[in-house]
Amino acid sequence: MLVSIITPYFKSKQYIQKTINSVMKQSHTNWELLIIDDENSKDSRTILKKFISKKIKVYINKNNLGVASSRNKGMRFAKGNVCCFLDSDDTWKKNKLQKQLEKFIKNKSKASYTSYRGVKNKNEIYKVSAKSKLVYEDLLKQNPICCSSVMLHKEIYKKYKFDENLKTKEDYDLWLKIVKKYEFDNVKNILVNYTVRRDSLSSKQFNKIFNAYKIYRSNQDLSILYSIFYILRLYSNAILKKFFNSYVVR
């Protein structure tokens, strides 16, 4: 089964080699890697050009569109029966696709995710385990899904898109939309290394809080009170995840 892998690229030259190597070492070899160059600089074009092959394609954005638009662009070009996302600073274990795909096919899944660990300067900061059952109400309170661990069936990724008006948490917004109608299957194995970066968009806390409110209030049509409540729950869980390696029990 062909797996389309979508990787937006922006100022990640110190990470991209390891990211691509982790794809090339996959035990499941039927894949295509679509890199969306959202930096479009002389530096990025030089770096990415050397990776182009029959299995690795690079698409260049004329302007900086952001990660949501770049992932959507990748999904439009994807040819696989399933697609996965891999950020340009994250890496996969070599059996990631194989293990996830085996369960995906066996359970006839439409969406799935795996456990992952947060890494900073090669040191493990925290681990997040995939929940046995993930329902909409739980996902409102906490987000155990790492974008680089997600696998979507073509039926899903050709139908749903990332909200291009969101600068952060665009992935969380999409998972909420999907889980309303489809169950997220899980793989308990830790198969993804998520890189914690100071300069990443997700490190800008004000943007994260603003976009979380927008997701709850506008996209999920919750009241102001419930929106604030879920922001508090979401961030209390995020703090526990990073500093105590655990989640609030619902």
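The values are calculated or read from the model by the stated rules, or taken from the named source; none is laboratory data. Since the structure is predicted, the reported quantities are computational estimates derived from the model, not experimental observations. Note: ideal-geometry Cβ built from the backbone for every residue, glycine included; neighbour counts use all protein chains shown.
A few notes on this one:
- Top-ranked residue of region 1-22 - restricted to ones that are in a strand (DSSP E or B) and touching a Phe, Trp or Tyr at 6+ places or on another chain (Cβ under 9 Å), ranked as farthest from Ala78 (Cα to Cα): Pro8
- The residues of region 80-100 that are under 21 Å from Lys181 (Cα atoms) and surrounded by fewer than 22 Cβ atoms within 10 Å (Cβ to Cβ) amount to a single one, Asn81.
- Of all residues making up region 15-54, the number that are of a type in the set (D, E, K, R) and within 19 Å of Arg197 (Cβ to Cβ): 5
- Single match in Asn72, Asn64 (criterion: at pLDDT below 95, within 22 Å of Glu164 (Cα to Cα) and touching a Phe, Trp or Tyr at 6+ places or on another chain (Cβ under 8 Å)): Asn64
- Condition check for Lys122: surrounded by fewer than 17 Cβ atoms within 10 Å (Cβ to Cβ) and among the basic types (Lys, Arg): yes
- Residues satisfying the stated conditions in region 134-158, i.e. surrounded by 18 or more Cβ atoms within 10 Å (Cβ to Cβ) and in a loop (DSSP other than H, G, I, E, B): Leu134, Gln142, Asn143, Pro144, Ile145, Cys146, Val150
- Tallying residues that are farther than 14 Å from Asn95 by Cα, of a type in the set (Ser, Thr, Tyr) and in contact with a strand residue (DSSP E or B) (Cβ under 7 Å, 6 or more places away or on another chain) within region 1-39 yields 5.
- Residues that are in a loop (DSSP other than H, G, I, E, B), touching a residue at least 40 places away in the same chain (Cβ under 8 Å) and surrounded by 22 or more Cβ atoms within 10 Å (Cβ to Cβ) occur at least once in region 60-79.
- Qualifying residue in region 167-189 (condition: out of contact with any strand residue (DSSP E or B) (no Cβ under 8 Å at 6 or more places or on another chain), assigned to a loop (DSSP other than H, G, I, E, B), acidic (Asp, Glu) and in contact (Cβ under 8 Å) with a residue 40 or more places away in the chain): no
- In the set Tyr136, Tyr194, only one residue is under 22 Å from Asn72 (Cα atoms) and out of contact with any His (no Cβ under 8 Å at 6 or more places or on another chain); that residue is Tyr194.
Listed here are the residues, each with its yes/no results for (1) at pLDDT below 95; (2) in contact with a Ser or Thr (Cβ under 6 Å, 6 or more places away or on another chain).
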site: Asn143; (1), (2): yes, no
site: Tyr157; (1), (2): yes, no
site: Phe162; (1), (2): no, no
site: Lys181; (1), (2): yes, no
site: Val187; (1), (2): no, yes
site: Ile190; (1), (2): no, yes
site: Leu201; (1), (2): yes, yes
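- Filtering region 89-133 to residues that are outside any helix (DSSP H, G or I), under 16 Å from the mean Cα position of the chain (by Cα), of a type in the set (A, V, I, L, M, F, W, C) and within 25 Å of Phe10 (Cβ to Cβ) leaves Trp92, Val119, Val128.
- Out of Lys11, Lys55, Lys42, sole residue that is among the charged types (D, E, K, R), surrounded by fewer than 18 Cβ atoms within 10 Å (Cβ to Cβ) and within 26 Å of Tyr160 (Cβ to Cβ): Lys55
- Residues that are of a type in the set (Lys, Arg) and without any contact (Cβ under 8 Å) to a residue 40 or more places away in the chain within region 152-166 comprise just one, Lys159.
- Region 34-56 residues that are farther than 17 Å from Tyr15 by Cβ, paired with ones that are among the small types (Gly, Ala, Ser) (beta carbon under 7 Å, 6 or more apart): Leu34/Ser4; Leu34/Gly74; Leu34/Ala78
- Per-region count, region 103-139, residues of a type in the set (Ser, Thr, Tyr) and closer than 19 Å to Cys83 by Cβ: 5
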